[in-house]
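Working notes, structure below.
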Amino acid sequence: MLVLCWVVAAGLVPVALLTEGSVDRAFSGAALLVAVAAAGALSYLRPRLRATPEGIAVRTLGGRHHWRWELVSWRVTTSHRFGRTVPVLEIEVPERDLAGGLLLLGRFDLGAEPEEVAERLEALRAR
């Protein structure tokens, strides 16, 4: 998805520059801005989850948040989206640190299957 956003943004640059009509130029320019904003946000958020022997770090649009292992818990649940059952890693964190205290990370966010990530987190926590 990240690469696709950057490819679309790069493809819209000549369209925005070479379009002749003012309305067409405004729409192609707006599409370019949306593509660049989406690509920038996705680039900023990578990697979403990082684990160390001390704990985990999660990057959100509000910045990076760190928690020690004893402050977090997680589980893999399933969610129904677009007619499919999708696994989701739910990470519970202290509510004072993050509104709602719950992070939901899917395969796209993690770059791997949520079940695999949960197993790796368990292994790191056990160290």
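No lab work stands behind these numbers, since they all come straight from the coordinates. This one's a predicted model, so the numbers in the text were calculated from it and none came from an experiment. We place every Cβ from the backbone using ideal geometry, glycine too, and count neighbours over all the protein chains shown.
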Under the 7 Å Cα-to-Cβ spin-label approximation, residue 95 and residue 123 lie apart by a distance in nanometres of 3.5
Given backbone amide H placed at 1.01 Å from N, residues whose amide H is under 5 Å from that of residue 74, ignoring those fewer than 5 places away on the same chain, are 92
Phi angles of region 82-93, converted by Karplus (6.51 cos²θ - 1.76 cosθ + 1.60, θ = phi - 60°) into ³J(HN,Hα) in whole Hz with x for Gly and Pro, give 6, x, 10, 9, 10, x, 9, 8, 9, 10, 8, 10
At q = 0.13, 0.23, 0.24, 0.26 Å⁻¹, the log10 of I(q)/I(0) for region 42-127 from a Debye sum over equal Cα scatterers comes to -0.40, -1.25, -1.33, -1.49
Between residue 45 and residue 107, the two model label points (7 Å from Cα along the beta-carbon direction) sit apart by a distance in nm of 1.7
